[in-house]
1. With 10 Å bins from zero, work out the P(r) of region A:296-337 over every alpha carbon pair and list the percent per bin.
2. How large is the helix-only mean residue ellipticity at 222 nm for the protein assembly as shown, computed as the sum of -39500 (n - 2.57) over DSSP H runs with n ≥ 4, divided by its residue count, in deg cm²/dmol to the nearest 500?
3. Pop a pseudo-label 7 angstrom from the Cα along the beta-carbon direction at both residue B:346 and residue A:4 and give the gap in nm to one decimal.
4. I'm a student and want to see the number: the projected area of the Cα convex hull of region B:18-85, averaged over all directions, in nm².
5. Setting aside same-chain residues fewer than 8 positions from residue A:33, which aspartates and glutamates have a Cα under 14 Å from its Cα?
6. For region A:190-324, with only Lys/Arg (+1) and Asp/Glu (-1) charged at the beta-carbon, what is the dipole magnitude about the Cα centre, in debye rounded to 20?
7. Treat every Asp and Glu Cβ in region B:128-238 as -1 and every Lys and Arg Cβ as +1, leave all other atoms uncharged, and give the resulting dipole magnitude about the Cα centre to the nearest 20 debye.
8. Can you give the percent of C-alpha pairs in region B:326-375 whose distance is more than 15 Å?
Amino acid sequence: MDFELQEEQRLLRETARDFAAREVAPKAAELDKTGRWPSEILAKMAELGLMGVAVPLEYGGAGMDALSYALAMEEVSTACASCGVIMSVNNSLFCDPLAKFGTEDQKKRVLTPVARGEKLGCFGLTEPMSGSDAQTMVTSAEKSRGGWVISGAKNWITNGPHADWILVFAVTDRSGPRLKHTAFLVERGTPGYTQNAPDHKLGIHAAHSCTVFFEKCEVPDENVLGAVGDGFKVAMATLDGGRIGIACQAIGIARAALERSVAYAKERKSFGVPIAQHQAIQFMLADMATQVDAARLLAWRAAKLKDKGVRHTTESSIAKLYASEMATRVTHKAIQIHGGYGYSTEFPVERHYRDARITEIYEGTSEIQRMVIAGSLLK
Amino acid sequence: MDLELNETQTLIQKTARDFATRIVAPQAAELDATERFPRETMRALAELGLMAINVPPELGGAGAGAVAYALAMQEIARGCASTAVMMSVTNMVGEAITRFGTEEQKRRHCPKLASGEYAVGSFALSEPDAGSDPGAMRTTAQRDGDGWVLDGAKQWITGGSYAGVFIVWARTSPPEAGARGVSCFLVEGGANGLRVGRPEDKLGIRASNTVPLEFDRCRVPADALLGQENGGFKIAMMALDGGRIGISSQALGIARAALAASVGYAKERRAFGVPIASHQAIQWKLADMQTHVDAAHLLSMRAAWLKDHQAPFTREASMAKLFASEAAIRVCNDAVQIFGGYGYTREMPVERHLRDARVTAIYEGTSEIQRMVIARSVLGS
């Protein structure tokens, strides 16, 4: 047993922490207010290797492991949850499945520029009437000569308005008792592939998402990722990793809220003493710190299993479930500690609260995570 | 970062697991009902090396470390929480003597704790009016010739009726000295002037003997002093840091037992034509129970690992203890709910688990004390 990080992991964490504090945190409030896409931050993240942390060096990545990725995700998300999720989608939901299921050609042609951060990726699974239950998917792809013709719509596609590539899932076989899906790589600009205007959301304002449309959008055979009919497997394996990323995003948001609360509690006075001296406040801080630590250990455990090549579906779900609900609780308490100021946009905790809420919804709602965990317990 | 266990840890875990399944669990309901002290089980635990896991081999212990200890505690507590807490206190006493004792004190007591010659060791810190705040302690030790005379009362002393040796805290300076005026003494079971009171009638851990002690001109020799004069508070705090890993492991063991029973029951019991495991209301509870057990386990392992590496672990032990004890209560409460009416009866084990779990948020520092410790560290004060 060992709870220590390796030298390389510590270094990456420091680099990411330093970068987040210097370049990201000062802009987070403005990004939230304006909903501006943080191009300049993403360019710097690319330089630091943060857009393809766990992708091998030969395919443009930083060549590190899943735990390193988890550490970097927490740091970036502590500063700005929007930047965190843009990074997470590019790393977990695009690069990771390409590195795992891609052909040599796909890795050179598509993965390498995305892992370098020269291009941006996104992930199209969810539909207007089909979220966590892929058996109700409407988007379909018909075989053509030398390729496939995709028709349908996908929504809540984070990075969608800017992404150069989308990894999209479509039904390719409706003959059996269960639908069979296939994963396709579609490049922006392909005829028939269009993007709607960005969605208006409660939080993560700078992480643009939108609905995307496929109208008789034809892609060549070499853009099929994995085997035809294996799309569900590709999606599920991808989400096992993605959920670690979102857990770390939630941990980052919660940590930011905790750190702000500690600082505020030492400054703000009531009844003649800093509120940090009141047990009511101390106990909230103690619970927040304990829960942040618990969530981090769960996320690290899942990441470590991923690095060992061990199946980690349940552990990822446990980490994502706990971390996301923890983040909502912790940011809620942070507002309480800040009182009226916590409710105003003058202080960052109201942003943390709004940003935290999404982590219980995307990449599998809390309800889906509980289904996964219960399923493994009852097998 | 790596969560894999080494060979010793795996072996101790397996030894404890087998013993818990074979011997401890089958007798737990009877022990709870009769409040019988499981003397033979305590001896068997000693023979397996589980009464002095973190005491070095030259003193008769297993020398296997805090992680191994935490794993073993979980397993024994899964079988019987009462047995586990007496194992926990005995281990804590052995460790404190190993750490702070003179060569002679170590040689006199540690091998007997390890071998089971002492049925248990006891830790006498709490008093009727001083629990988590030892600065308010009233028991005194006065110098008398080359020895000491102890007077006062202690409360909630686990294993006190059967202890071969007690670690007793007493004031050796005027009350103004607060926690800095407290010393630690080794008092042997049956010492003159030590009266062991009637066992408490408790909500749970009913087979774990809990007694008040009275010291009435109890004379101990000079070499009964453990550690430095007026240095007792430090010993208490260090012992409790380790003890909290033990209690978090006990809580985890209880929670695991309740979860396993619930999973088994949910697959068998039917409602609305299907096993209740098919209803999301039940699935959700099970998922939350597992999630909290896992989080508590990782917090405990982290604290134990830090202890094994001689790194500071006060904050981490408090987090583990706070989280695991409160998780155990929630998990056991959900388990009773899953069992419905049966869960409320003695026919099923979960009502015992719920009663047993409740104490883990109280002893070796209440949840409130743990939150104070954590807040102090978070606030850097």
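The values are calculated or read from the model by the stated rules, or taken from the named source; none is laboratory data. Just so we're clear, the structure is a prediction, and the values are computed from it rather than from any experiment. Because the Cβ atoms are built from the backbone with ideal geometry, glycine has one as well, and the counts that use them run over all protein chains shown. Each accessible area value is taken on the protein alone, full model and side chains, heavy atoms only, with ligands, DNA and RNA left out. Shrake-Rupley method; radii C 1.70, N 1.55, O 1.52, S 1.80 Å.
1. Once binned at 10 Å, the Cα pair distances of region A:296-337 give 31, 39, 20, 9, 1.
2. Calculated at 222 nm, the ellipticity per residue is -16000 deg cm²/dmol.
3. Computed distance between label sites residue B:346 and residue A:4 equals 5.2 nm.
4. Details: hull surface 16.9 nm².
The number I arrive at for region B:18-85 is 4.2 nm².
5. Within reach: A:346, A:350, A:355.
6. 720 debye
7. Using only the charged Cβ atoms, the result is roughly 200 debye.
8. 48 percent
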